[in-house]
Every structure is written in C-alpha cells, then in structure tokens.
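Input: a single structure, listed below in structure tokens.
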Amino acid sequence: MGSEISVEFWVATIPFVPLLTFPIILFLGQYFNGKDWWKNILKEGGSISLMSMGIVLILTSMVVAQFIGEMHNGQGLDIIDWITFDVLRSDGMTNGVNLGFGIYIDHISLMLLFVASFLCFLINWFSIGYMNTDKINDNRNHRFYAEFLIFCSGMLGMVLADNFLWLFIFWEIMGLCSYLLIGFYYEKPSAAAAAKKAFLTTRVGDVFLMIGLIIMWNIYGSLEFDIIFGWDYFTNPVDMTLLKTSLILMFIGAVGKSAQFPLHVWLPDAMEGPTPVSALIHAATMVNAGLYLVARMFPIFIGTAGDGLVGELADVAIIIAIIGGITAFMAAGIAFVQNDIKKVLAYSTMSQLAYIFTGLGAALWFASKGKPELALFALGASLFHLFNHAMAKGMLFMASGSVIHEMHHAHHHISHGEHEGFDAQDMTNMGGLASKLPITSTAMAAGSMSIIGIPLIGGFWSKEGIIAKIWKAAIYDGGYLLFIPAILLLISAGMTGFYMSRMWFMTFAGKPKTKVAEHVHEETPWIKFPLVILTFMTLGGIVFASLHFVSWVSEGHAFHYDLIHEMKHAFLAMDKEGVIDSTFLILTWATIGLSSIIGPIIAMSLYGGNLKDGENAIPTVSWLVKLSGMVKNRWEFDNSTLANSGLAEALRRRLYFDDFYDWICIKLIVPIGIGAALFDKKGVDGVIKGIESGSQSASTWIRKLTTGSARDYIMMVALGSLIFVGLIWGMV
Amino acid sequence: MAAYDVLSIDGGLKLLPEIVLLAGILALFFITNLGDAKIRIPLTRLRIPALLGGNRFKWNSDPRIPGIVSVFTLIFAIGMLIQTLGDDCADIMKGFCSETTILTTTGKNPVHLLKLDSFSRLFELMFFLALLLVSAASLNRLQADSNPSNDDLEQLLDNRRQVDFYLLLLISGLGMTVVAMSMNLFVLFIGLELASLPIYVLVAFHKESKAGSEAGVKYFITGAISSAVGLYGMSLLYLWSGSLQLTVLEAAWASMDTPEALPLFGISLLLVGFGFKISSVPFHFVAPDAYSGASSPVAALLATASKTLGFIGLMRILMIVTLPETGETAVWMFAFGTLSVVTMTWGNLAALGSENPKRMLAYSSVAHAGYMMAALVAVAAWKSGSYTETNNNGLMAAELIIGAIIFHLFVLISFKIGAFMVISHLETEDDVTDMSSLHGLAKREPIIATSMFVFMLALAGVPPLAGFMSKFLMVTGIVQVASADVLVNNNVDLIPTILGMHWTFFLAIAIFINSAISLYYYLRIGVLMFFEESSTRLPLPKVSILRFVIFVCAIGTVFFGINSDWLVETVTNAASALFADS
C-alpha cells in the first residue's frame, strides 16, 4: 500500500523524538541550573519536553488520520535490518533470523499510540504547573522531565515494536523509568522503599515474561509478530502445551506490569511519586502495557482456532479472566476503606484494569473457541474501556493532583511554612471543596462518572460491553469457570459506584473538615487546561461509541455514525435484526442499577452533605452536592459496626498481602540472598580474582620474551620457519 | 572477463587510479621543487627559467603543500577507482563490485600479471582510504609554521621533510595497489617490497628520536630477513613448477598426487614472509617496538594497510594455490590452526599488561591477526568437510568467511586508525609513553574521549559497533562450517553435538575466550579516561584536521556496525571474485 510507505518513516521516528530530547534537557539542566531564564522561560526543561511531546502528538495525529478511514490488517514494517543469520531450531531445521528495528501498525497499536502521546502531552503540560511551582522541586525538575521523556519513548516504542523482543526492551525501559520517577523524592525513605518495591515486584513478572518469550522463541524460532501471527499450524504443528505455558508466563509478566492479583502490591505504594507520575505511569499509560501484551496475543488465539485447534488455548483465556475478576473485586473492596485520595484512585485503577483483563479474557476465550465475531466484539469493548479508563483516570489523577497541590498551598499559607505532619492527601482533611475548586470538581465528577459507568458517559459503553461479553461467554458456551469473573465483575460494578462516589463526596461535598480546606482556591492555568480537555474527552464517550469505535479498534472498520443503533444495543440489548435478548436486558439494567444508583446512593447517604451556608458550587456540580445533601438527610445510617469490623480492618491492611510478602521475603528470600552473597564473595570473586592475577603474571612473563634485541627477533623468525616447516610436513 | 595488454591503451585506462597515484608522486616531487633557478644560454646573456631548483616561490614554500597534494591525489584516485568500475557496477550503492579485467604481457606465452576485479578494487579502495586518513591526519601532525619557533622538532619538519613523508606514503600506496592486483607471485613480491620499503623509512622518520630510528632499523632487519625467507620459498616454488603465475601454480598443485618436498618446503617458507606482514606469532616480536617507535599515523598504517598486504598474500596462496579438492585436508590447516590460537592468546595476554598505549594497540593488532587466521582455517575445514551446499544467497561458506575477513580488514581502518589518531592527538601535546597520558581525558576533551571509547569497544567487538559485526561474521562462519557434519546427521543433543563437531569449532571458542580477555584492557582505557584524575584540565592543542579525521573514524565505526548491509554485500562480492575462475 502506497500510503504506508510515506508514513512509515514518520511512525518510526515517534519513539526517537523524546529519546533524543532527554539528554538535551539533562545536560542543559546540569549546566544552567539556577539561572533565571532556565527557570522561568524554559521551566527547567518543561518547555523543551512539552515541545518534544507536541511533535510526537502531531506525528501521531498525522498517522492516525492516515489510517483512520481505512480497513486493513496489522502489518510489520522493517525500518533497520541489522544482522541476518540462521539459527538451529529444536527440530533440526534452521531458521533465518533478522535482527533489526521495525514497527508494527494496526488499530490496537494506533489507539494506544494516540492515548500515550495525547496523555503524555497533557500530563507534561500539567507537570509544568504542578512541579515547577513547588519549592521542594527547585533545581531538579530537569531530572523529572528527562526521566519523563525516556519513559514516553519507552511507551511509544513498546506500542510500535514489531516483535516481542523490542516490546520487552521498551517494557524494561518503562520499568526503569517507573522506578526512577517513583523514587523522585529519594530522600524520603518511604519513596525510596516504594520505588524499590515497585521495581522488584514488576521484576518478578518480568522474569516470567522473559521465560515465556524464550519458550516462544523456541516454538516459532522467531519473535516477530508477522511470523507468529501468520503461522500455519497445519503445516508446522507446534507443541500446544508449550505454547500454553509460554502464553501463561507472558501473562504473568502482564500481571506484574498492570498490578493485578497477586502482584498488585506495588501500585498503591507507587503513589509516593509526584502526582503527574501517578497520572501518567500508574494510571494512564504504563499499566496499560500489560493489557497491550495480552491484546497482542489475540491473533495467536485466532490463528490456532482457525487452523483447527479449536479450544486448545481456552484455559489460558479462562485464567486471564479469573485473575481479572478476582482483582476487580478485591481492589474495589480495598478502595472502600482508603482515605488517601490517591490510594483510592490507585485501587480504582487496579480494579478497572482488571475489568479490561477480564474482557480480554473473554475475547481470547471466544477466539480460541472459534467464534471470531464475538471475540472481536469483546476485544473492541476491552480496548474501548482501556481508552476510556486512560482518559478518565489520567484526568482524575491530575484533578487529585490539583486538589493536593491547592491543599498543600493553603496549608502552607495558614501555617506559615511549618510542617507539622499535615497530610494534604487525606480526604478526612478535605470536604466542601466544590465551591473552591470549580474546574477540578467538575473534572473529577466527570471522571468518576466515567469510571462508575453512569449511562451515556464514556466508561458506560465499554463497561457494559465487557460485562455483557463475559456473561455471554459464561452462559452460552458452557465455560462454567467463567461464571466466577462474570459474577465478580457485576458485583464490582456496584462497588465501583460506591467507592468512586465516596471519594468525590468526601472531597467536595459537605462542610470543610479542617481549617485548611476552608482556605483552598484554584490558581495556576497550567493545571486547568488539561483538565478541561480531558473532561470533554470523557464526556465525549457517547460520540466515540456511536462512531463504532469498538469495531474500529478491534477490526479496523471505518468509522460510521449510528447513535440510535448503539443506544438500542446498549439499553435494550437489541441486535441488528431488532431482536431483544431478555437475559442481557436484565443484565444491563442490573449493572446500571448497581453501579449508577445503589452504589452512589449509599455513598451519598454516608459521605454526602450540603456545603457550608453561603457557599455555592459551580452549576455543573452543584446539583450533585444538593442531591447528596438530600439523600443524606433522608437515609443517613450508622455504619460504624461495619467500619469497625474485622473485615474493614483486613481491607485497611490491604488483605494482609503486604505482610505476607514481607514475611516470605524475610523468612525465605533474605537467607537465600545472604547465602548467594557469600558464595559470590568467596566463590565467584575468588575464581575471577584468580584468573585476573593469573593472566597478569602470564602477561608479565610473556612480555619478557620481547627482549628488544633484533638478534632475538631474528632467532624467533628462524624458529617460526622451522615450526611452519615442521607442522606442515608433520601433518602430511 | 577481458584480457588486455598492460601497455595497451585499454589496459592503461583500466589502471587510471594507479596512474593518478603516479602523477601525484611526480607532482609532489615537482611542485615542491619549483624555484626561480635560471639557465643562461651559453654564449648569450639570455637566462631562461629552468623552474627546478633555486629559491622556491612564495606559493610553494608553504610546508603544508605536500600534504595537501597528497590528500587531493588520494581523493582523486578514489574517484578514478569508482569511475573505472564499469557499467555493470555503476550503482555502488548496492555494493561495490567491478568487472574483471586481466592484464597480461605481450608475446607468445602471455603471462597474467595483474587482475582487476571486485577483490583487488576493494582492497585498493581500502588502501587509499587508509592512506587518505593518515595523510590528512599528518597535515596537522607534521605541520610546521612558516616561521619555525624554538621547538627543534618542528623546525626540522620543514617543507622538504614534509615532501619526503608524503612521497614515501604515496610510493608505498603504489606498491599496495600492485599487491592487490597481482596474479603472479613475482609481481606480488615486487609490490610487497615497494610497499614495505617506504614504510620502513617512515617508521624511522623521526630520526632525531632514538626510539624512532632504533625501531626503524629493527623493523627493517627483521622484515628484510622474513622477506628473504619468503623469497627463498618462492624460488623453490619456481624451481618446482617453472612458473610463478598463480593459475599455473594452482594447476600444478592440484595435479600433485602425493605431497612433494619442494612445494611443501616452498609454501612453508612463503608463509613466513606473509606471517611477518600480518604479525603472527612468532614473527610479531618487532611489531610492538615498531609501533611505539613510529609516529602514530605511521603506526596506524602498519596496523591496517601493512597487515592487509599480508592477508592478501595469504588469501592468494592459501585459498587459490593450495586449497585442495573437496574432502581432502589442506596441508596448512593444522599449522595455521595452532598458530592462530597461539597468536590471539599471546597478543591478548601481552596487551593485558602493557602500560604503553601504542604497544597495547600493537598487541591487540596481533590478537586480531589471530582471529583472522582462525577464520582462514575454517575455509580449509569447509573443504575437508561435507558442508558443500550454498546458503540462501547462493554463496559458499568460504565466500562468507573470506568476506568476514575482508570486512574486518575494512572496518579496522575506521577504528584502528581512529585509536591511533587519538594517541596522535595526545602526542601533539607530549610524548605518549604510558597510560597516564590518557588519564582524565574525558574531562579535558569529552568528545575525543568518547570517540576513543567507541574505538576501544569496537576493537573489543561490542555490539552494535563495526568490530562486533566482523567478529560476529567470522565466528558464525567458523561455527557453520564446523557444525556442518553434525547438522547433516540431525543430531541435536548438546554434548554429542559439540564432540561431533570439527575441531575448528574450538577455534570459535578460542576467539570467544580471547574476546573476553581482551575486554579487560580495552575497557581499562575507558576507566582511565573517564574516572582517573589528570594533572591538568586544559584541553589539547587545537588541531582541527586531526580531530576531523577522528570524528570520521568514529562515525564510520558506528555506521558500519549499524548499517552494514552495503559493506557485507561488497565484501562478499570481493570474496566471490577471489574464488572465481582465474
């Protein structure tokens, strides 16, 4: 296709734009730190990185515009061929291998590319408002922006990579940047510990991912998407058990990266990083890497089923769905009791990612069962949820950042710079902020509604789709194990309604709970702009849904506008022929009832309330505040027995996962580590030192033979002649 | 394939690059000698300007003139080289190849003297490039002010000394081209000596320094003896076959049923001559002395062009003349295999403890010779084994391996010369006799230090630099050949596979281990440059052209590592030309 050739170059340059910019910021920062113009005009590198991300966004938009109307399959394009060689496969054949860098473009990668570059740009914008106005960041913001840019190039590269190896390399780059950015305040012990924890926990997953990739290499003799996706299982049968093992191991890598049960423990702690980092890495982009990896397995499932191996890989899909269901439920439960605004969002992230995993599980299950149409629907719904969640959660984190920032400032203002252990992130210190932070409260309301799935707003369309598809998989095709995630997801939908509402009402409704909360006011425009943009993106979910985003992102269908059909489909469970499916009609309304009515109402009755007398919120949210006041007055009840019960305590302790892992580490891993260190010191180092001193003395001895006298050299030439004659003659 | 008389017009045109070189030599001689001398016509008072002699004019008394002439001659020669490639190969973007032309003598029994093909043209290109880099770098190295200051070394390097230097360089280049083209052992020998003798002088060019003249004399004596031994071997071959033409020798060798004493003896002694050129053990002893005594650009020439000369000879002798029929073992296989391992190990071990960077580079160059010798052995193993099929591109394993060696020789030009140029840059400040000159270079000259580090990594064979590519190609070639018998039997268990392999497989392992050893001293340079404190923080003297050469080398090192397609194509073309029916 001619059009691709013109864009392929531009697509390939996308990850390299930030990669080339980051050293510039780092070096300039090193030299010009403290200079006025560096601080005010270049924003300690923020403007440079914003420019770089702007270029990325423009390039991405160009590419997306090029591809948006067309329908075609994914395609790998080699950009640089480095080495070509043959390798010996396990069956005795040789395989041509090409090392190089290439890109793989299809709708999944394009969508993620857009999400990543769009959010990176906005969050960069936000960072300028957030990071540069805080005194503790002075003279080190260039480090932030440099690390931010490497992260961006990692994410963009991962999405574009045309084989699993490059995907893994960029994946690790992101892991490194996540570590660096969580530990940005490395002088704080908690931040340093959180960084270490995040790094090590994801590393557990990465090791499995690597083993999975090695097995995959062994199966296919290549990690190129083109080769793996186009594999012909008739002519080249593969060992399905091995393939299954490999896919499950790769999924464990995704579990680590996307913070799913049981490797979820790092994500809440990662909130120690600056808020833009939480918004970018731990909500909007990096955690999507795991989802992307699983979505990339989709063609393998389709391919095996298409070549007659129906149902062979269904187990993998079921595992993915169940893990997703468990995480969605568990994380939602823990979010009930969190008081730290960012931690609520962190658990919400975990839970929503779990939804997507379950949806992908359903998609993979349908794919392996040989039902590609249903599979594509489920895939589309999952990816649409990924899109909605990234937009909404990125915005929520930025909004929470805005709240924290203003709380912090207000506290600073009142206490005149004394820090006496005030927690600017604790929601029990807030309340009634709706009147003080109009834009932030509106944005947060929109984001929360999207996450809850209030009808017509972004997340609704995709969440409905996921729940419907996992139920469909469970009901119609007899995968009884799939009832576990199906039921858990339905319950979690209601829980989501509760904890997201709880967060909003605790923060913005009711009377101010502290003096600090009374003195908050919105300031910097750098913070407002991204919130406004993303509010529109989130509310625009209905537009995306009616454009059939779901079938574009999964199949590459061109957009066409059909709102009525989508509405009928979503609310009446009506298919194209106009037949209403009663099971799904009930299911749909059960979901809507749980998530949009019951959950929020309970939250309102517990945490709602009118604002302080004489204060008014902006009209966009004032109705919400008033509603909550009404509900609270009528239905307020005492939940202290439940709040003080053992279950709540267990949830507060995060279900003891951290304690359990700590215990394992101390009892098991640390002794092994000590032993290994000892072996390394005594055994390995001893051998290495022995080799080193041995070769040094050999070197001294051997150099003594070079006497410097021409007579000896001639001797040696004569000797050499004898050796040649002797060896040649001796062999004949 | 067309054959021309050397002296015919067509044949002459084919030699345009060499003619350009010759013209350059003459120009060097005349331009710098032009003067206002006049001859009085006898019995009259008329004085005619004779131009040669007398006081030089102002425009040609600039000491930089010879260097500039030399640089432009070489650029022009490279241009002519590309010009004469022929129509089929005009698109050099797709790999560099050439029509095959044979130049013969006239007469009843024409003797094939020179052969112009992809092989020889590529080597000519390599020689020209190396000479170009060296002479460009020497523009600064030897430069003297028109008004010499008090420094006596600079005073001596006036215009006339400069002429000598570049004249020797170009004459040596002429000899190198002859070696690249020769189809006759005698012509090859003439070319070899034409190339070597100027280099002996160049090594001793700084006659004022004791080390320089001592190194020159030592190098000359040892070199002369090796050449003499080689020449003796050649004469034995002549005695045996009655001709020194490679094709005749090849036919005679092939028709020999049982090994005869005369040719075996002759070949053994001939290998001594080339062994010295490539500085293989035990003929390498003088190399460290010569490298450290010579000025760095000359040492760079020794490590690249001079070594390449030896390998051309070896390829001609080993690959053309004595390579046996399939299934038989080449007579030199064991001897060369042993020596290759000894050479690489010796070179690396000796380099490990060297405190003089130039000696270190000399030993490293010995080690690299060992790697390439090992690759040559693999070709013999290919002939003796059953791995005769061609690969996807229809190339024989031998062509791939020889291609890898040529690749290595080619990219050595970028990073070996680059490394010597950095030392040369350091020498503009003070003599470099130990590693302390490199201390803290990164703080004084970050870009130069980074380039040096790149050169060291390339020498060590770290991906994605050019040095990695060449080592990778050689090792895969060896492993492919060595494992061919095992692969045929479809035996995939690890231990039997390794035991069942041809013994050349252990050469690959030896290269592997030696690369690990060599990392120590290459990376040590990096440690010294980046982490040691130097006595001064001042930057090095400004020598722009030398710096430019260093950057060009660094860029080439990275470029040919990442984007090696063109070069791989080119070297396989050259290797195919070597094996083509001659």
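The values are calculated or read from the model by the stated rules, or taken from the named source; none is laboratory data. Since the structure is predicted, the reported quantities are computational estimates derived from the model, not experimental observations. Counting neighbours? That spans all protein chains shown, and the Cβs are built from the backbone with ideal geometry, glycine included. Note: areas computed on protein heavy atoms with side chains; ligands, DNA, RNA excluded. Shrake-Rupley method; radii C 1.70, N 1.55, O 1.52, S 1.80 Å.
Give segment B:458-474 a look and list any residue that's among the aliphatic types (A, V, I, L, M) and within 13 Å of chain A (Cβ to nearest Cβ), or say none. Show your work before the answer.
So the first thing to find is which residues in segment B:458-474 are among the aliphatic types (A, V, I, L, M), and the list is B:458-460, B:462, B:465-466, B:469, B:473-474.
B:465, B:466, B:469, B:473, B:474, listed by residue number.
Among the residues examined, residue B:295 qualifies as among the polar types (S, T, N, Q), at pLDDT below 90 and closer than 19 Å to residue B:134 by Cα. Of the residues B:308, B:338, the single one that is β-branched (Val, Ile, Thr), without any contact (Cβ under 8 Å) to a residue 40 or more places away in the chain and either open to solvent by less than 10 Å² (accessible area, probe 1.4 Å) or assigned to a helix (DSSP H, G or I) (or both) is B:338.
Taking the criterion of being closer than 15 Å to residue B:221 by Cα and either outside any helix (DSSP H, G or I) or open to solvent by 10 Å² or more (accessible area, probe 1.4 Å) (or both), the residues of segment B:278-290 that qualify are B:279, B:283, B:284, B:285, B:289.
The number of residues in segment A:195-209 that are open to solvent by 10 Å² or more (accessible area, probe 1.4 Å) and either charged (D, E, K, R) or not in a helix (DSSP H, G or I) (or both) comes to 3. Screening segment B:145-207 for helices (runs of 4 or more DSSP H) wholly inside it with 3 or more residues that are surrounded by fewer than 20 Cβ atoms within 10 Å (Cβ to Cβ) and modelled with pLDDT under 85 returns the ranges B:152-156, B:159-181. With the structure loaded, tell me whether residue A:684 is surrounded by 11 or more Cβ atoms within 10 Å (Cβ to Cβ), assigned to a helix (DSSP H, G or I) and more than 7 Å from every other protein chain (Cβ to nearest Cβ) or whether it fails that test. Taking the combined requirement at face value, the residue satisfies it. When you look at residue B:227, is it open to solvent by 20 Å² or more (accessible area, probe 1.4 Å), part of a helix (DSSP H, G or I), among the small types (Gly, Ala, Ser) and within 14 Å of chain A (Cβ to nearest Cβ), yes or no? Yes.
Return yes or no: is residue B:178 away from chain A (no Cβ under 14 Å) and either without any contact (Cβ under 8 Å) to a residue 24 or more places away in the chain or in contact with an Asp or Glu (Cβ under 9 Å, 6 or more places away or on another chain) (or both)? It would help to see each step written out before you state the result.
Numbers: away from chain A (no Cβ under 14 Å): yes; either without any contact (Cβ under 8 Å) to a residue 24 or more places away in the chain or in contact with an Asp or Glu (Cβ under 9 Å, 6 or more places away or on another chain) (or both): yes.
Yes; evaluated as a whole, the condition is true for this residue.
A quick yes/no check of all residues on (1) in contact with a helix residue (DSSP H, G or I) (Cβ under 8 Å, 6 or more places away or on another chain); (2) more than 22 Å from residue A:30 (Cβ to Cβ); (3) open to solvent by less than 20 Å² (accessible area, probe 1.4 Å):
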| site | (1), (2), (3) |
| --- | --- |
| A:111 | yes, yes, yes |
| A:136 | yes, no, no |
| A:162 | yes, yes, yes |
| A:172 | yes, yes, no |
| A:185 | yes, no, no |
| A:193 | yes, yes, no |
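Here is a check on your reading of the model: is residue A:616 within 18 Å of residue A:432 (Cα to Cα), out of contact with any Cys (no Cβ under 8 Å at 6 or more places or on another chain), among the polar types (S, T, N, Q) and surrounded by 14 or more Cβ atoms within 10 Å (Cβ to Cβ)? Answer is no for this residue.
Going through (1) modelled with pLDDT of 90 or more; (2) open to solvent by less than 10 Å² (accessible area, probe 1.4 Å) one by one, residue A:150 falls short only on (2).
One residue alone among A:487, A:533, A:475, A:439 is in contact with a Lys or Arg (Cβ under 6 Å, 6 or more places away or on another chain), of a type in the set (Val, Ile, Thr) and open to solvent by 20 Å² or more (accessible area, probe 1.4 Å), and that residue is A:439.
Kindly check whether there is at least one residue in segment A:665-676 that is more than 9 Å from every other protein chain (Cβ to nearest Cβ), of a type in the set (Gly, Ala, Ser) and open to solvent by less than 50 Å² (accessible area, probe 1.4 Å). Spell out the reasoning first.
Within segment A:665-676, the first condition is being more than 9 Å from every other protein chain (Cβ to nearest Cβ), and the residues that meet it are A:665-676.
If we keep only those that are of a type in the set (Gly, Ala, Ser) as well, we get A:673, A:675-676.
Imposing the further condition that a residue be open to solvent by less than 50 Å² (accessible area, probe 1.4 Å) reduces the set to A:673, A:675.
Within segment A:665-676, one or more residues are more than 9 Å from every other protein chain (Cβ to nearest Cβ), of a type in the set (Gly, Ala, Ser) and open to solvent by less than 50 Å² (accessible area, probe 1.4 Å).
The combined condition, being surrounded by 13 or more Cβ atoms within 10 Å (Cβ to Cβ) and either farther than 30 Å from residue B:351 by Cβ or within 14 Å of another protein chain (Cβ to nearest Cβ) (or both), is fulfilled by residue A:654. Can you find even one residue in segment A:234-247 that is of a type in the set (Val, Ile, Thr) and part of a loop (DSSP other than H, G, I, E, B)? For segment A:234-247, residues of a type in the set (Val, Ile, Thr) and part of a loop (DSSP other than H, G, I, E, B): present. Can you tell me how many residues within segment A:257-273 are modelled with pLDDT of 85 or more, over 21 Å from residue A:425 (Cα atoms) and hydrophobic (A, V, I, L, M, F, W, C)? Total meeting the criteria: 2. Go through segment A:688-711 and give me each residue that's more than 7 Å from chain B (Cβ to nearest Cβ) and part of a helix (DSSP H, G or I). Residues satisfying the conditions are A:688, A:689, A:690, A:691, A:692, A:693, A:694, A:697, A:701, A:704, A:711.
The single condition among (1) touching a strand residue (DSSP E or B) at 6+ places or on another chain (Cβ under 9 Å); (2) within 9 Å of another protein chain (Cβ to nearest Cβ) that residue B:280 does not meet is (1).
Which of the following residues is under 23 Å from the mean Cα position of the chain (by Cα) and more than 20 Å from residue A:116 (Cβ to Cβ): A:367, A:362, A:434, A:424? Steps first, answer last, please.
Working: A:367 fails: under 23 Å from the mean Cα position of the chain (by Cα); A:434 fails: under 23 Å from the mean Cα position of the chain (by Cα); A:424 fails: under 23 Å from the mean Cα position of the chain (by Cα).
Exactly one residue qualifies, and that residue is A:362.
If only one of A:78, A:36 is among the acidic types (Asp, Glu), under 23 Å from residue A:116 (Cβ atoms) and modelled with pLDDT under 85, which one is it?
From the options A:78, A:36, the qualifying one is A:78.
Answer yes if at least one residue in segment B:240-251 is assigned to a helix (DSSP H, G or I), open to solvent by less than 10 Å² (accessible area, probe 1.4 Å), at the interface with chain A (Cβ under 10 Å from one of its Cβ atoms) and touching a Ser or Thr at 6+ places or on another chain (Cβ under 7 Å), and no otherwise. No, there is no match, as no residue in segment B:240-251 is assigned to a helix (DSSP H, G or I), open to solvent by less than 10 Å² (accessible area, probe 1.4 Å), at the interface with chain A (Cβ under 10 Å from one of its Cβ atoms) and touching a Ser or Thr at 6+ places or on another chain (Cβ under 7 Å). Return yes when residue A:645 is within 14 Å of chain B (Cβ to nearest Cβ) and either of a type outside the set (A, V, I, L, M) or surrounded by fewer than 11 Cβ atoms within 10 Å (Cβ to Cβ) (or both) and no when it is not. Considered against the rule, which asks whether it is within 14 Å of chain B (Cβ to nearest Cβ) and either of a type outside the set (A, V, I, L, M) or surrounded by fewer than 11 Cβ atoms within 10 Å (Cβ to Cβ) (or both), residue A:645 comes out as no. If the condition is being among the charged types (D, E, K, R) and touching a residue at least 12 places away in the same chain (Cβ under 8 Å), then segment A:568-613 contributes only A:612. Does residue B:319 qualify as being at pLDDT 90 or above and either open to solvent by less than 10 Å² (accessible area, probe 1.4 Å) or in a loop (DSSP other than H, G, I, E, B) (or both)? When the stated conditions are applied, residue B:319 does not pass them.
Only one of B:534, B:544 is at pLDDT below 85 and open to solvent by less than 50 Å² (accessible area, probe 1.4 Å). Can you tell me which? The conditions single out B:534. Annotation: of all residues in segment B:482-511 being among the aromatic types (Phe, Trp, Tyr) and surrounded by 14 or more Cβ atoms within 10 Å (Cβ to Cβ), the one that is modelled with the highest pLDDT is B:506.
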